[in-house]
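These notes are about the structure you will find just below.
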Amino acid sequence: MTTREPESEFNLSLLSTALILLDEHCKIVDLNPAAEQLLGFSSRQLEQETFFELVQGDLTPSVLGAFREQEKSGFIEDVEMRVGTGVVRTNLMVTPCSIYSDDDILLELQTNAHLQNIRKDLQIQHQSRVSEHLIRNLAHEVKNPLGGIKGAAQLLERKLPEDFSNKYSQIIIREADRLGALVDRLLMPAKPEAAQLVNPHLALEQALEIVELQLTEKNLITRDYDPSLPEVDISQNQIQQVFLNLIKNSAESIQQVDEQGFKGRLTVRTRMVHQHTIGQSQFRQVIRFDIEDNGGGIGEELVNDIFFPTISGKQSSGLGLSIAQSLVQRHQGIIELDQRQSPTRFSVYLPV
């Protein structure tokens, strides 16, 4: 689009976010394919146009000039822009830069949908922190009296006459041990276990192997892997536990579908995502793991709260998804639920 040579090696087309580069006169110097797709115009169509020919509203060159003079990035919300199909409301991240000249301005265009995703991630992260705090406090409160119950049962067992059955004291001790193991699971370490470089498909396969042994019908699971994924630095046992929890939930859902006469299908998919935002953090590369099934889905009344403890679409404690979310967030990732279309999909995002 421009014949000027950049002062540094920089290629907008390599980035997946919508970017527009302006010169000192706010003329469009360059834009990447993501911006072309968002605006519905090609770079050739916008050649020699000023950016403000696309803007409807009160945004003026002096506003952008202020960012340039202060040499600071800033955010402008709710800008109406003319696009090929009409008008779209966007938010602009304004960054002064020196790509072709010292007075260039780089604009990142974010649609409201992008901001809604950020808000959703922030809400999930907040829910996870609240959940973890609640669970750990509850576990601490349970652990002390539980030890007292087990100790009293053991003492009672020693005091019983030899000809008296210890059946009931053994039940108390056994159930106290079972609850103690659950409490230990809830009192997880505050940080991930020692991380190591792992083939991301290895943790998936080990979880799938366990689930497939429990399935009454075979060939219900489809694998759709990206073979080019790099190794990722993770705590393998913790991430494997996350996959096991999500895959078991989906497997139970499709088996219920099979009982109703429909063919259940579970798909496990891996993909690389570039320039992805998790909460307020931007990552150059993120691996997305999709666990998708065509089972009964999750009730609409549970969707927004599914990662809170005790919330579950099954007859269970509902702690599994809350713990899984906490483990993933300790790796700077997130789990998201999407069931806008027929399949229910849980997506695990882990930064590379």
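The values are calculated or read from the model by the stated rules, or taken from the named source; none is laboratory data. Since we're looking at a predicted model, the values are computed, not measured. When we count neighbours, we look across all protein chains shown, and the Cβ atoms used for this are built from the backbone with ideal geometry, even at glycine.
Only a single criterion out of (1) at pLDDT below 85; (2) within 21 Å of R284 (Cβ to Cβ) is not satisfied by T90, namely (2). Residue count for the stretch 67-105, restricted to those that are assigned to a strand (DSSP E or B) and touching a Pro at 6+ places or on another chain (Cβ under 8 Å): 2. Given the structure, is D58 within 13 Å of H25 (Cα to Cα) and assigned by TED's automatic domain parsing to the domain that holds V29? For D58, the condition - within 13 Å of H25 (Cα to Cα) and assigned by TED's automatic domain parsing to the domain that holds V29 - is not met. Quick one: is G74 in contact with a helix residue (DSSP H, G or I) (Cβ under 6 Å, 6 or more places away or on another chain), assigned by TED's automatic domain parsing to the domain that holds L21, surrounded by 13 or more Cβ atoms within 10 Å (Cβ to Cβ) and of a type outside the set (A, V, I, L, M, F, W, C)? Considered against the rule, which asks whether it is in contact with a helix residue (DSSP H, G or I) (Cβ under 6 Å, 6 or more places away or on another chain), assigned by TED's automatic domain parsing to the domain that holds L21, surrounded by 13 or more Cβ atoms within 10 Å (Cβ to Cβ) and of a type outside the set (A, V, I, L, M, F, W, C), G74 comes out as yes. If you take the residues of the stretch 197-226 that are out of contact with any Asp or Glu (no Cβ under 8 Å at 6 or more places or on another chain) and among the polar types (S, T, N, Q), which of them is nearest to G333 (Cα to Cα)? Only one residue tops the list, namely Q206.
The single condition among (1) surrounded by 15 or more Cβ atoms within 10 Å (Cβ to Cβ); (2) modelled with pLDDT of 75 or more that R178 does not meet is (1).
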